[in-house]
């Protein structure tokens, strides 16, 4: 399939000032921005910025950012699932994964994550994708937020719901290993039935789970 990326932007007021929520952002623009020093959930800011530049250059790769002037304070990534994950086994060109979402701590609680997801879904091409995200409690910042796993799960679900992603059942062993883990999915309005069936087949590899 042809991956088309249409840029959208939205100003968003937070207690920390006005943010520009925009994307998909080009690799060149990402290289020109600075990364907030608090974006350390996955790796150090400089390394994460380099990773995002690489994703933005992929045909299917999409990066949505929240920035204050030229400093990125939050981001969302969309790309094909890791080849080692079950979700890549369906070989669906129209299945992409919301791989990472992060907001610097001083901007959390203001709806920045939800707004980034809403901006991401403004692009009409998202109606052609099955978008998935896999949530694992061991990736969550429980210490930094002071939330327990169930409170954090509720926050994550609310944020993903803003982008149209909802909970889906699966027998994936990693997701099934803890009741707080979950698979969330958004099936675009133009996704065909064959793609949905292929996706259902990898959601449930063990048929007796149906």
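Structure above, values below:
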quantity: Subset of the stretch 1-15 that is part of a strand (DSSP E or B) and in contact with a helix residue (DSSP H, G or I) (Cβ under 7 Å, 6 or more places away or on another chain) - its residue that is nearest to residue 110 (Cα to Cα); calculated: 14
quantity: Out of 89, 102, sole residue that is over 11 Å from the mean Cα position of the chain (by Cα) and over 18 Å from residue 182 (Cβ atoms); calculated: 89
quantity: Close pairs from the stretch 156-184: first assigned to a helix (DSSP H, G or I), partner modelled with pLDDT of 95 or more, Cβ under 6 Å, at least 6 apart; calculated: 159/113; 159/114; 160/184; 162/114; 162/117; 162/118; 175/181; 175/183
quantity: Failed item in (1) surrounded by 13 or more Cβ atoms within 10 Å (Cβ to Cβ); (2) modelled with pLDDT under 95, with residue 209 passing the rest; calculated: (1)
quantity: Residue identified as touching a residue at least 12 places away in the same chain (Cβ under 8 Å) and touching a strand residue (DSSP E or B) at 6+ places or on another chain (Cβ under 6 Å) among 130, 196, 202; calculated: 130
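The values are calculated or read from the model by the stated rules, or taken from the named source; none is laboratory data. As the structure is a computational prediction, the values presented were derived from the model and not from experiment. Cβ coordinates were reconstructed from backbone atoms using ideal geometry, including for glycine residues, and neighbour counts include every protein chain displayed.
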